[in-house]
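Scroll down for the structure; my scribbles are underneath it.
The values are calculated or read from the model by the stated rules, or taken from the named source; none is laboratory data. This is a predicted model, so every value here is computed, not measured. Neighbour counts are summed over all protein chains in view; Cβ atoms, including those assigned to glycine, are modelled from backbone coordinates with ideal geometry.
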Amino acid sequence: MKTIGVYRTNVESRTKAKLILEAIYRLLPGCEPSFDLEDCDKVLRVESQYHGINESKIRAVLKNYGYHMESMI
């Protein structure tokens, strides 16, 4: 069953977004994260086919880069 997490962030830099996505890939194999930086909420969307989404680990990645997130669902 697919699990989807949608989060509002304060990430604006495409370079930082790419680094964050790479860190999430490494930390949570099987997850497919993506950013929509054109959206006013700078949306981070994370999909997982095989297991739930560990929101605390994703939050820690963003915090490590100096950003924050909040759930939109």
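Descriptive notes on the structure:
- Residue in the range 21-35 that is surrounded by fewer than 18 Cβ atoms within 10 Å (Cβ to Cβ) and among the hydroxyl-bearing types (Ser, Thr, Tyr) present: yes
- If you go through the range 1-21 and pick out every residue that is basic (Lys, Arg) and assigned to a loop (DSSP other than H, G, I, E, B), you end up with 1.
- The range 1-19, subset under 17 Å from SER71 (Cα atoms) and not charged (D, E, K, R), residue farthest from the chain's Cα centre (by Cα): THR3
For (1) free of Cβ contacts under 8 Å to residues at least 24 places away in the same chain; (2) of a type in the set (S, T, N, Q); (3) touching a strand residue (DSSP E or B) at 6+ places or on another chain (Cβ under 7 Å), each residue gets a yes or a no:
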site: LYS2; (1), (2), (3): no, no, yes
site: ARG8; (1), (2), (3): no, no, yes
site: ARG14; (1), (2), (3): yes, no, no
site: CYS31; (1), (2), (3): yes, no, yes
site: CYS40; (1), (2), (3): yes, no, no
site: TYR50; (1), (2), (3): yes, no, no
site: ASN54; (1), (2), (3): no, yes, no
site: ARG59; (1), (2), (3): yes, no, yes
site: GLY66; (1), (2), (3): yes, no, no
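- Scanning the range 31-72 for residues that are among the small types (Gly, Ala, Ser) and touching a Cys at 6+ places or on another chain (Cβ under 8 Å) yields one hit, SER48.
- Counting only strands (runs of 3 or more DSSP E) that fall entirely inside the range 22-73 and contain at least 2 residues that are aliphatic (A, V, I, L, M) and modelled with pLDDT of 95 or more, the qualifying elements are 43-48.
- Extreme residue, farthest from SER71 (Cα to Cα), among residues of the range 37-56 that are surrounded by fewer than 14 Cβ atoms within 10 Å (Cβ to Cβ) and either β-branched (Val, Ile, Thr) or within 12 Å of the chain's Cα centre (by Cα) (or both): SER56
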